[in-house]
Amino acid sequence: MIPKRKLFSLLAATWLLAATAVGAESKLQDAESATHDTNAAQYQVVGTHDYAGLKLIQFDLPVLSHYSYLLVSGGQALVVDPGRDVGTYLEVAKRENAAIRGVYLTHSHADFVAGHIEVAGQLKSTAKLDVPVYISAKAGAAYPHQPLKEGDTIPLGNALVKILETPGHTPDSTCALVSSKESPDNPHLLLTGDTLFVGSVGRPDLLGDGMAASSLASMLFDTWTEKLSKLPDNVMIFPAHGAGSLCGAHLSDLPNSTIGQERTSNPYLRHRHRGQFVAAVLEGIPDAPQYFKHNAVMNRQGPPLVDWKIDKLPWIAPSQALTDSSKHYVVDLRDAAEYSGGHIPNSVAIGLRGRLETWVGIMVPWEAKLVLAGTSEGELREALQRLHRVGYQAQCVNLTEWKNSGLPMAGQAMIPPRELFALMQSKDSPLVVDVRLPSEWMGLRIGTVINIPLNELAESTGKLDRGQTIVAVCNSAYRSTMAIGILERAGFPKITSLAGGSEAWIEAGLPVLEARSSGASAGGAKRQIRLAERVSASELKRMLMDLPGTFAMVDIRPADQFSDYSIPGSENVEIAELLDSPAWLTGAGPLVIVDRDGSLAMMVGGILSQKTERPIKVLYGGLADYWREAEFGTWGGMGTASVGAASPPRASSVAPSQGSGSSSPPTQTKPVAKPKKKSAGC
């Protein structure tokens, strides 16, 4: 929910909307930049939550946006959704003086190789201890496991870990409801896996085994409405992923939430009807990396154990064959500046300081002969270990040896922001290709540039002229440097990238465009401001009579006022919900907003008009004018006796304040529908 102070500040701000230039104060949010340090590649404890008789320790692996857990109770521990390199879990369990008694997988993961076999294997080899792996009986797991079904419990000290079957993300998805044995009816937390995220839900198109994504999304609707929504609001939820994960869309960067918070703020859970929910879940799902299907198979079969001690790197001798993209896929681990200064021809830069695992999984075909190029043995060793997380193995080539051997080098000096800006003003300006996601490009860009997302670039090179100079751009130069290698492999000779990306461009004070720019002017790029359309009471009456079923109408007054009187066919919606939920941004026909006197409705309509192409209409004068015109028969000569909507109220009832000389609408001749309460489910 939007706090009231923030809400009314936001509403007031709509009156100040004007065509303004976007200056150097503009900010970019780069999913890559958040993972450009060493710590992002390591498991981090992001929170420890203590409850009566139990403790939950939450881990984050930022480069995979992966949350995993250690549930501790009575000197015992349960590892939940672990990554493949499990050393951190074993160390923390030892520090907690807790013996690991099992591994729980909420479902068959696809975006990383899970560590269930690693935990069980390492404990068995060191402590001669058989540790069960718990997973749904529907998972089709080919390794030894303890199958779970609805209502089963996992024994763990003083904790009661109860299994809920929650299909939707996958057919085998489960959640674990955790309480103390002393108070089993008062659950503390819910381990939700990929079923329910903070601010989102799991995508339904990864592991359907031939099942339609819409069918799984429908199951997810039932999972929420019939099961999870019935839980108390104070139950904390702990998901398996956060912002940046491709297992869902629009995930929050908060590590946990509550059922109550998600009930009121999660945009997907506000859809009260199955069809709308399914449509919302399926809309805007990002493409799944090609490695997902291979990781899913590994996890179901049981990933082979990994020898994490790399005594000797798997070197491959420098040779001309490494430049042949049909034989090898060479990944350069260095940063953008080093790569641009000289690299193996046709190699692709996927910097170690970033989402190495995910980008290798996106860019490198599963069957390719992967070779990692670098100058530091420590970094090469780190890359080999990290790539085990997504099931890749590789050889290594030493770039220093490559240079000393006299083999060819490729390189393109990066272009500084001011130099690129000057070139863009010339007659023979280069073609600038923004390789970010469309949502990023629409939000802010450095000028009139073409958008080809990086994951689509290799298949879209036919759109580009090989004889033209091409400059690749992203937020930080991480992705644009990758684009150089992709274009080089496709035979483009004149390619470079913007040094420092759009972040450096903004820091240099250069002009940028927003999504709805209407062109440049002396004052810079201007935004096109969309405003809501005003509809008079008589016009709305005609719409109700002549065009029923072609538009939606929401009444944003408080529920008690709505229950007193309302326009039939309107739906009572809180202002915060209307502004927060993307469900109102799409739909067949216009969205009509009504309130008491038209003031708040006009503000809300102004905000929504900036977010959507859907026509937004506001009842001018609000219900005060609507009832006044109804009472005095001013419907453009139509009269009031046989209007298609319900008859206006009689003169004896109480109406909204009309000002001096106004009269009050009476009790309606027949009762109107009570306001729709916020659903306890979706």
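The values are calculated or read from the model by the stated rules, or taken from the named source; none is laboratory data. Please read all numbers here as calculations on a predicted model, not as lab measurements. Neighbour counts run over all protein chains shown; Cβ positions are idealised from the backbone, glycine included.
Of all strands (runs of 3 or more DSSP E) completely enclosed by the range 106-221, which ones contain at least 2 residues that are modelled with pLDDT of 95 or more, of a type in the set (D, E, K, R) and closer than 28 Å to residue 251 by Cβ? Break it down into steps so the answer makes sense when it comes.
Details: elements: 133-136, 146-148, 153-156, 159-165, 174-180, 189-193.
The qualifying strands (runs of 3 or more DSSP E) are 159-165.
Looking at 516, 542, 530, 534, which is the one that is closer than 30 Å to residue 620 by Cβ, within 25 Å of the chain's Cα centre (by Cα) and at pLDDT below 95? So that I can check it myself, show each step before the final result.
Details: 542 fails: within 25 Å of the chain's Cα centre (by Cα); 530 fails: within 25 Å of the chain's Cα centre (by Cα); 534 fails: within 25 Å of the chain's Cα centre (by Cα).
Only one candidate passes the filter, namely 516.
Name the residue, out of 393, 385, that is outside the structural domain of residue 84 (by TED's automatic domain parsing), assigned to a loop (DSSP other than H, G, I, E, B) and either at negative phi or not polar (S, T, N, Q) (or both). Break it down stepwise before answering.
Values: 385 fails: assigned to a loop (DSSP other than H, G, I, E, B).
Among 393, 385, only 393 is outside the structural domain of residue 84 (by TED's automatic domain parsing), assigned to a loop (DSSP other than H, G, I, E, B) and either at negative phi or not polar (S, T, N, Q) (or both).
Exactly one condition in (1) among the small types (Gly, Ala, Ser); (2) without any contact (Cβ under 8 Å) to a residue 60 or more places away in the chain; (3) touching a Lys or Arg at 6+ places or on another chain (Cβ under 9 Å) is not met by residue 93; state its number.
(3)
For the range 302-314, does any single residue satisfy the condition of being touching a Ser or Thr at 6+ places or on another chain (Cβ under 7 Å) and either assigned to a loop (DSSP other than H, G, I, E, B) or at pLDDT 95 or above (or both)?
From the range 302-314, those touching a Ser or Thr at 6+ places or on another chain (Cβ under 7 Å) are none; that's our starting set.
No, the range 302-314 has no match at all.
Somewhere in the range 73-89, is a residue at pLDDT 95 or above, of a type in the set (S, T, N, Q) and within 26 Å of the chain's Cα centre (by Cα)?
No, the range 73-89 contains no residue that is at pLDDT 95 or above, of a type in the set (S, T, N, Q) and within 26 Å of the chain's Cα centre (by Cα).
Taking residue 496 as the residue in question, decide whether it is among the polar types (S, T, N, Q), over 28 Å from the mean Cα position of the chain (by Cα), closer than 19 Å to residue 446 by Cβ and not in a loop (DSSP other than H, G, I, E, B).
Working: among the polar types (S, T, N, Q): yes; over 28 Å from the mean Cα position of the chain (by Cα): yes; closer than 19 Å to residue 446 by Cβ: yes; not in a loop (DSSP other than H, G, I, E, B): yes.
In short, yes.
Can you tell me which of 564, 597, 560, 555 is acidic (Asp, Glu) and at pLDDT below 90? Walk me through how you get there before you give the answer.
Values: 597 fails: at pLDDT below 90; 560 fails: at pLDDT below 90; 555 fails: at pLDDT below 90.
Answer to the check: 564.
Residues that are within 25 Å of residue 56 (Cβ to Cβ), of a type in the set (A, V, I, L, M, F, W, C) and in contact (Cβ under 8 Å) with a residue 60 or more places away in the chain: does the range 202-212 have at least one? So that I can check it myself, show each step before the final result.
Restricting attention to the range 202-212, the residues satisfying the condition of being within 25 Å of residue 56 (Cβ to Cβ) are 202.
If we keep only those that are of a type in the set (A, V, I, L, M, F, W, C) as well, we get none.
Within the range 202-212, not a single residue is within 25 Å of residue 56 (Cβ to Cβ), of a type in the set (A, V, I, L, M, F, W, C) and in contact (Cβ under 8 Å) with a residue 60 or more places away in the chain.
With the condition kept exactly as written, say whether any residue in the range 82-96 is part of a strand (DSSP E or B), closer than 26 Å to residue 188 by Cα and assigned by TED's automatic domain parsing to the domain that holds residue 144. Write out each step before concluding.
Of the range 82-96, the ones part of a strand (DSSP E or B) are 83.
Next, from what is left, pick out any that are closer than 26 Å to residue 188 by Cα: 83.
Then keep just the ones that are assigned by TED's automatic domain parsing to the domain that holds residue 144; that gives 83.
Checking the range 82-96: at least one residue is part of a strand (DSSP E or B), closer than 26 Å to residue 188 by Cα and assigned by TED's automatic domain parsing to the domain that holds residue 144.
Only residues that are crowded, with 20+ Cβ neighbours inside 10 Å and in a helix (DSSP H, G or I): list them for the range 545-564, please.
Residues of the range 545-564 crowded, with 20+ Cβ neighbours inside 10 Å: 553-557, 562.
Correct list: 562 only.
What tally of residues in the range 565-583 results from selecting those that are in a helix (DSSP H, G or I) and surrounded by fewer than 23 Cβ atoms within 10 Å (Cβ to Cβ)?
Residues of the range 565-583 that are in a helix (DSSP H, G or I), as a first pass: 575-580, 582-583.
Pick out the ones that are also surrounded by fewer than 23 Cβ atoms within 10 Å (Cβ to Cβ) and you get 576-580, 582-583.
Qualifying residue count, the range 565-583: 7.
What about residue 359, is it in the same structural domain as residue 328 (by TED's automatic domain parsing) and assigned to a loop (DSSP other than H, G, I, E, B)? So that I can check it myself, show each step before the final result.
Details: in the same structural domain as residue 328 (by TED's automatic domain parsing): yes; assigned to a loop (DSSP other than H, G, I, E, B): no.
Criteria not met by residue 359.
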